[in-house]
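All remarks here apply to the structure that follows.
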Amino acid sequence: MPELRFREGETFRLSMLIYDTRYRSMTFQVLALIGFLILVGWLVSNTAQNLKDLGKEPSFGFLLDPAGYDINQRLIDYNSQNVHLRAAFVGLLNTMLIAVMGCALATVLGVLIGVLRLSKNWLVSRIMTVYVEMFRNIPVLLWIVLVMAILIETLPAPRAFRGENPEATMKLFDTVAFTNRGVYVPEPLFSRSLGDVHLFGQSALNFSVSVDLVLIAAVLIAGLYVSGRIRHRADKIQEVTGNRPATWYLRLGVVAVPLLVVLVALGFHLGYPELKGFNFKGGTHMRNSLIALWLALSLYTAAFIAENVRAGIMAISHGQTEAAASLGLRPNRIMGLVVLPQALRVIIPPLISQYLNLTKNSSLAIAVGYMDITGTLMGITLNQTGRELETVLMGMLIYLSISLAISLVMNVYNERIKLVER
């Protein structure tokens, strides 16, 4: 806000707020803000009055009523007698699961496809171009439905695995079953488990967290941190002496050895799916709706990420590549050590937008019956309770929070890798 300064002997007049260039911009900004606040207040007041006239005053008490519906794919315990709040939380976890899995796979595919688009092999580069143009120009909803149809129509039914000469067999040494009902994979089990910890007491959001998984995650994170410190020390030695010490075995050891010790101490083993009756039992069941949504969103978003990667690589001066090649580096080493680290500064900002788009596009899960936050809170709960305003506002707030969290993490990473001017 500009500081109000008066010349000696000058008195302030209201007309100066309009005609004096020192104050005019501030006046218009204040008036615009007041007008905006009045508009928002009128909208809120008008909406509240209309809801009151309809006998639907805003209330979130419905969240504590029994939900009365099942959720087929879930990460925590849930049944139809649980409240709507817990159903919404299950849907939120499903949304976050798709967001994490989709962003991870889309990043790997996008980087690979983006690099291959610049390949000197004409056939490879053209195939990648066709992939990018095909996925970018067809709505993602159609891809989701298409992948779901392929999974249902092409994969065998569980009954095909029965008999002495079954029509279908399990893959990967009889540990994974691909069926038209989903994929059954081994699940981690612990014979000497440390038990679970229940969070949030007896509230509607109460769920248990495995102490075993928390311990494994803590050991893994600590190992990765120590590995990073070893790498940092090797970088310092290289800067001083010009020689880089071999550290791969130390870095591998500090991550793998403690992790193996913990797994052995907990009695880690795998529980394999087995065909019992008309379906598989045991293991982890990944339903077709989850797989279809995951693959379609990943393949679709990877096409956009590939273009970001290609643009980032092309932004790097060709002289960088020539200089690295003159030192005897192979093309793959040049790409990994010289080009991509610099290209990340160009790739990361648009990559954030692609992560956000993937997360928001996950709301299309209802098309294949995957129960995310849109299908639970803004779907069945909305229809059962008739609370359109409350459920939609909560859904918008949830998506906004997830998007802001993704942006925050990626912006922090972007700050770490950007060029520092001296």
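Would you please name the residue that is modelled with the lowest pLDDT, looking only at residues in segment 48-105 that are buried (at least 19 other Cβ atoms within 10 Å of the Cβ) and among the small types (Gly, Ala, Ser)?
Checking each candidate, the answer is Ala67.
Does Leu389 meet the test of being surrounded by fewer than 19 Cβ atoms within 10 Å (Cβ to Cβ), assigned to a helix (DSSP H, G or I) and not polar (S, T, N, Q)?
Taking the combined requirement at face value, the residue satisfies it.
Mind counting the residues in segment 158-192 that are surrounded by 14 or more Cβ atoms within 10 Å (Cβ to Cβ) and either of a type in the set (Ser, Thr, Tyr) or within 22 Å of Met148 (Cβ to Cβ) (or both)?
Total satisfying the criteria: 16.
Would you confirm whether any residue within segment 372-386 is assigned by TED's automatic domain parsing to the domain that holds Leu85 and not in a helix (DSSP H, G or I)?
yes
Taking segment 221-249 as the search range and keeping residues that are part of a helix (DSSP H, G or I) and either touching a Leu at 6+ places or on another chain (Cβ under 6 Å) or hydroxyl-bearing (Ser, Thr, Tyr) (or both), which one is farthest from Val83 (Cα to Cα)?
Across segment 221-249, the extreme among qualifying residues is Thr241.
Among the candidates Ile230, Ile237, single out the residue that is more than 30 Å from Asn357 (Cα to Cα), of a type in the set (A, V, I, L, M) and at pLDDT below 90.
After applying the criteria, what remains is Ile237.
Taking the condition part of a helix (DSSP H, G or I), open to solvent by 30 Å² or more (accessible area, probe 1.4 Å) and touching a residue at least 40 places away in the same chain (Cβ under 8 Å), does Leu141 pass?
Here the answer is yes, as Leu141 does meet what is asked.
Conditions first: (1) under 30 Å from Arg310 (Cα atoms); (2) surrounded by 14 or more Cβ atoms within 10 Å (Cβ to Cβ); (3) among the aliphatic types (A, V, I, L, M); (4) not assigned by TED's automatic domain parsing to the domain that holds Ser289. Leu224 passes all but one, so which condition is the exception?
For Leu224, the exception is condition (2).
Considering only residues that are open to solvent by less than 30 Å² (accessible area, probe 1.4 Å) and over 18 Å from Val90 (Cα atoms), which ones fall in segment 357-377?
Across segment 357-377, the qualifying residue is only Leu358.
Only one residue in Glu153, Glu164 is assigned to a helix (DSSP H, G or I), out of contact with any strand residue (DSSP E or B) (no Cβ under 7 Å at 6 or more places or on another chain) and not β-branched (Val, Ile, Thr), so which one is that?
Within the list Glu153, Glu164, the selection yields Glu153.
Please work out which residue is nearest to the chain's Cα centre (by Cα), limiting yourself to segment 167-199 and to residues that are part of a strand (DSSP E or B) and of a type in the set (Gly, Ala, Ser).
Gly182
Scan (1) in a helix (DSSP H, G or I); (2) touching a helix residue (DSSP H, G or I) at 6+ places or on another chain (Cβ under 9 Å); (3) under 22 Å from Ser80 (Cβ atoms); (4) not hydroxyl-bearing (Ser, Thr, Tyr) for the single condition Leu358 breaks and write down its number.
With (1) in a helix (DSSP H, G or I); (2) touching a helix residue (DSSP H, G or I) at 6+ places or on another chain (Cβ under 9 Å); (3) under 22 Å from Ser80 (Cβ atoms); (4) not hydroxyl-bearing (Ser, Thr, Tyr) applied to Leu358, the lone miss is (3).
The values are calculated or read from the model by the stated rules, or taken from the named source; none is laboratory data. Owing to the predicted nature of the structure, the values given are computational and were not obtained by experimental measurement. Cβ: placed from backbone, ideal geometry, glycine included. Neighbour counts: every protein chain shown. The protein model used for the area step is the full one, side chains on, heavy atoms only, and it has no ligands, DNA or RNA in it. Shrake-Rupley method; radii C 1.70, N 1.55, O 1.52, S 1.80 Å.
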